[in-house]
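Inspection log for the structure reproduced underneath, given as structure tokens.
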Amino acid sequence: MELSAIEKKLVNGWQQGFPLSPRPYAQIADELGILESDVIASLASLKQRGILSRVGAVVRPNTAGASSLVAMSVLPEHLENVAQVVSVQPQVNHNYERENSLNLWFVVTASSEIELEQVLSRIEQKTGYDTIKLPLEKAFHINLGFAI
Amino acid sequence: MKTPLNLQIDQRDIRLLGAIEDGLPLCESPYSRVGKQLQMSEEEVIARLSRMQTAGIIRRFGLVLQHRQLGFHANAMVVWDIPDEEVDSVAQKIIAHDFVTLCYCRARHAPVWKFNLYCMIHGRKRAVVEAQINDLKKSAGLDIYPSKTLFSRRRFKQTGARFSIPVKVNGGLYEQAS
């Protein structure tokens, strides 16, 4: 998808270090030499086109409870339905099909270890498939945005 | 990551994270608007976000993109089985490569999953990402370890972590934020 010159600057310049000041969009506008209303309109357009997920915080895992990557090995003909059961859980954020016999991969972020286990039991009961929990032990690197 | 971070944030922080989990409002004074929902002043909203960022609880604050919409369709998760005592040194070699977007160690799940070190590479073209993985294995001497590459296929869901579902902090159950 094509980005305008302003959109490119917004995307490359503010994936981190977004202004924590009362008029953040005006501050960005000043730096780019454009109007605050143009910054807001450009971000709204990026969001409407599905390019911008949100302006917000990416929070360290396990900040408010417990989280884990989880994998499942699901027959191809069941995958769509199982993925649906997984996705409707509000505690699930990422949910992807991957090329492996373990073919469904998702992240559960729950308020506690107990709640995390409850989410996994619910998924297992509803789908009849086992879940494999692969909790984080140590993070070495996290990207701070994509260069577009 | 075993140290609980819950002690570093309180109920108001979590309500604030919940209020912005779908994004900061696109209006002139977004922190003030978020604060009104929470009966918090604009100053408190900004101060709490700043503090959580400084503390590393917020890893980054800004535009969160749907990378697939920008043409990043080749998303590889590469996993290795590395002896525990070598994980740190191998990880340092991996993250020296600019194209690696994430790198972390996870618990193994024997016998079905023996891999413990993960990295993610996001690219526009599968062939390019495959070449990067080959480079990585050769240059970091990683080709001696068992590994697998799992490209993503369908994306069923992608959102940020949710904080507006009831969250327990230090044993107490708190209300939904929104």
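Bear in mind these aren't lab numbers, they're just calculated from the coordinates by the rules spelled out. Here the structure is a predicted model, which is why all the values come from computation and not from measurement. Cβ: placed from backbone, ideal geometry, glycine included. Neighbour counts: every protein chain shown.
Among B:P30, B:P111, B:P83, whose mean-square fluctuation peaks in a Gaussian network model of chain B (Cα, cutoff 10 Å)?
B:P111
Charges only on Cβ, +1 for Lys and Arg, -1 for Asp and Glu: so what's the dipole of the range B:6-64 about the Cα centre, in debye to the nearest 20? It would help to have the intermediate numbers written out before the result.
Details: 8 positive and 8 negative charges, 28 e Å.
Computed charge dipole of the range B:6-64: roughly 140 debye.
Which loop-located GluC sites (Glu not before Pro) does the range A:98-134 contain, where loop means any DSSP state but H, G, I, E or B and the Cβ has at most 15 other Cβ atoms within 10 Å? Each step should come with its number before you reach the end.
Working: sites: A:E99, A:E113, A:E115, A:E117, A:E124; in loops: A:E99.
In loop regions of the range A:98-134 (DSSP not H, G, I, E or B), the sparsely surrounded GluC sites (Glu not before Pro) are A:E99.
Between the helical axis of A:76-87 and the dominant principal axis of chain A, each derived from Cα atoms, what acute angle in degrees is found, rounded to the nearest 10?
The answer is roughly 60 degrees.
Using 32 Å as the Cα-Cα cut-off, could you pick out the over-long pairs in A:K47/B:K148; A:K138/B:K125; A:K47/A:K126? Intermediate results must be reported in sequence, preceding the final value.
Details: A:K47/B:K148 35 Å; A:K138/B:K125 29 Å; A:K47/A:K126 34 Å.
Result: A:K47/B:K148; A:K47/A:K126 exceed 32 Å.
Find the all-direction average of the projected area of the Cα convex hull for the protein assembly as shown, expressing the result in square nanometres with one decimal place.
On the way: hull surface 67.7 nm².
Over every viewing direction, the Cα hull of the protein assembly as shown projects on average to 16.9 nm².
Report relative contact order for the range B:67-151 in percent, whole number only (criteria: Cα-Cα under 8 Å, sequence separation at least 6). Provide the component values of the computation, followed by the final result.
On the way: 128 pairs, mean separation 37.5, N = 85.
Relative contact order here is 44 percent.
For the range A:5-48, calculate the relative contact order in percent as a whole number, restricting contacts to Cα pairs under 8 Å that are 6 or more residues apart. If you can, show how the numbers build up before the last one.
Values: 22 pairs, mean separation 14.2, N = 44.
Answer for the range A:5-48 is 32 percent.
Can you give the relative contact order of chain B as a percent, counting alpha carbon pairs under 8 Å and 6+ residues apart? Kindly include the intermediate steps, with their values, before the conclusion.
Values: 214 pairs, mean separation 50.0, N = 178.
Value for chain B: 28 percent.
When a/c is below 1.5 the answer is rounded, else prolate if a/b is larger than b/c, else oblate, so apply that to the range A:5-48 with a ≥ b ≥ c taken from the square roots of the Cα gyration tensor eigenvalues.
Numbers: a/c = 1.38, a/b = 1.22, b/c = 1.13.
The shape class here is rounded.
Using the Kirkwood radius over C-alpha pairs as Rh, can you work out the diffusion coefficient of the range A:79-148 via Stokes-Einstein at 25 °C, viscosity 0.890 mPa s, in µm² per second?
Details: Rh = 13.6 Å.
My calculation gives 181 µm²/s for D.
Give me the dipole magnitude in Debye, nearest 20, for the range A:20-148 about the Cα centre, with unit charges on the beta carbon: positive for Lys and Arg, negative for Asp and Glu. Don't skip to the answer; put the middle values down first.
Working: 10 positive and 14 negative charges, 36 e Å.
My answer is approximately 180 debye.
Length gain on complete extension for the stretch A:Q48 to A:E117, per 0.36 nm per residue less the alpha carbon to alpha carbon distance? All intermediate terms of the calculation are to be shown ahead of the outcome.
Values: separation 69, 0.36 × 69 = 24.84 nm, distance 3.54 nm.
Full-extension gain reported as 21.3 nm.
Counting only helical runs of four or more DSSP H residues, what would the 222 nm mean residue ellipticity of the protein assembly as shown come to if each run contributes -39,500 (n - 2.57) and the total is spread over all its residues?
Values: 10 runs with 112 residues, N = 326.
Calculated at 222 nm, the ellipticity per residue is -10500 deg cm²/dmol.
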